[in-house]
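Below is one structure, written out as structure tokens; comments come after it.
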Amino acid sequence: MKSAERKRNVYIGAAFVSAIVALAACQALLENRAATSGPTVQAPMFEVDPLWPKPLPNHWLFGWTIGVWVDEQDHIWTIHRGAGGLHVNEKGLEQNPPISECCRTAPPILVFDQAGNLVRSWGGPGPGYEWPEGAHGVHVDYKGNVWLGGNGKGDSHVLKFTKEGKFLMQLGRYGKNAGSNDLENFGRVAKIWVDPKTNEAYIADGYLNKRIAVVDADTGKMKRYWGAYGNKPDDAPMGNYDPKAPPAKQFRNPVHCVERSNDGLVYVCDRQADRVQVFRPDGTFVKEGFYAKETRFIFLADGQNEKVRIILRETLEEISNFGDGGRQPGQFYGVHSIASDSKGNLYTTETYEGKRVQKFVYKGIGAVRAGEQGVLWPR
């Protein structure tokens, strides 16, 4: 009798497990159908990793997380601003005397591996260089050197370090900006990208100036620069942005990003003009695309509308987007910078009260909803 009873319990248990599996399969099917209901397009598919990165040590906290880059080891480099980005109550351990058992500002540079482990941290003022008032972009070049810009009020310079944080070079001097045609200084730099083929550093210059500057990555000597459409930069006031007016012949502030892609073209974000302009490396204008012209900001990661836009490189057409406003995984509060690793995973940083970096796991090319996908929660 007892043996039969045990066997019956096993059968019941097996049936229960089967029911759970069947329900899970149905739920996944329903979620997949819901995610792709309506018109679809073929595009990269992602899911947020809600457990990435792992908790920081030493009671450290991110402040305004302003930049991200992935190096040749697939290490994820982030730069944040703790001083202005954290409230007094958030950094109680830094007060004199401490007002709580937690927390304190993390070093400005934090580097993570693919699993979300912290592998390196450094940064801040030191001898021989002027740390930016408002540190902004971070870039690791093909030689393993780390480049930093800054968009603080007096930031007119660019810094170069080793991966370990040893100072190598400063281009320009704090507070010395002389406009968009200055050959020595910069004007609140947003981001930097170094071309491994030519050893040239492309500088998105930036939050005050209105140009792309190209310098020799070893000496820092200015080689060329240009404004919107390849024009000579002009710092004359441009008035308020009007999305219905003809496109401005100069960049608006900020000139927020610059990167050269595998096709040899240079892509530039003109954030306040809601456009991306494409150039040849010599500054010759090729084409432009406009996105969400009725809003103020354009990132590819769109910090005003709290989403990441997926754009066809060949046509600059937006085909889909994901994300929404909020503080849960997959949502955004001030999404600001974006980078990808060798596996196609995406990493985003959030400034203002977002204060974090998120990982979106690449799931291959497939059918996604055209237009808004919403929050990419794991299925």
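The values are calculated or read from the model by the stated rules, or taken from the named source; none is laboratory data. For clarity, every value in this text was computed on a predicted model and none was experimentally measured. Quick reminder, even Gly has a Cβ in these numbers, built from the backbone with ideal geometry, and neighbours come from all protein chains shown. Keep in mind that these areas ignore ligands, DNA and RNA; they rest on the heavy atoms of the full protein, side chains included. Shrake-Rupley method; radii C 1.70, N 1.55, O 1.52, S 1.80 Å.
Figures for the structure shown
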| item | result |
| --- | --- |
| Search result, residues across region 192-220 that are touching a Pro at 6+ places or on another chain (Cβ under 8 Å), open to solvent by 20 Å² or more (accessible area, probe 1.4 Å) and either outside any loop (DSSP other than H, G, I, E, B) or of a type in the set (Phe, Trp, Tyr) (or both) | Tyr207 |
| Breaking point among (1) under 21 Å from Val68 (Cα atoms); (2) in contact with an Asp or Glu (Cβ under 6 Å, 6 or more places away or on another chain); (3) assigned to a loop (DSSP other than H, G, I, E, B), for Ser180 | (1) |
| Test for Gln95: is it surrounded by fewer than 17 Cβ atoms within 10 Å (Cβ to Cβ) and at pLDDT below 95 | yes |
| Positions within region 245-277 being open to solvent by 40 Å² or more (accessible area, probe 1.4 Å), touching a strand residue (DSSP E or B) at 6+ places or on another chain (Cβ under 8 Å) and among the basic types (Lys, Arg), in sequence order | Arg260 |
| Evaluation of Val357 against (1) part of a loop (DSSP other than H, G, I, E, B); (2) under 24 Å from Leu56 (Cα atoms) (one fails), failing number | (1) |
| Residue among Phe322, Phe360 that is crowded, with 18+ Cβ neighbours inside 10 Å, more than 30 Å from Asn231 (Cα to Cα), modelled with pLDDT of 90 or more and within 14 Å of the chain's Cα centre (by Cα) | Phe360 |
| Residue identified as assigned to a loop (DSSP other than H, G, I, E, B) and β-branched (Val, Ile, Thr) among Val68, Val119, Val88 | Val88 |
| Filtered residues of region 327-379 (kept if over 25 Å from Thr40 (Cα atoms) and charged (D, E, K, R)) | Arg327, Asp341, Glu350, Glu353, Lys355, Arg356 |
| Hits in region 126-153 - residues which are modelled with pLDDT of 95 or more and part of a loop (DSSP other than H, G, I, E, B) | Pro127, Gly128, Glu130, Trp131, Pro132, Asp141, Tyr142, Lys143, Gly144, Asn145 |
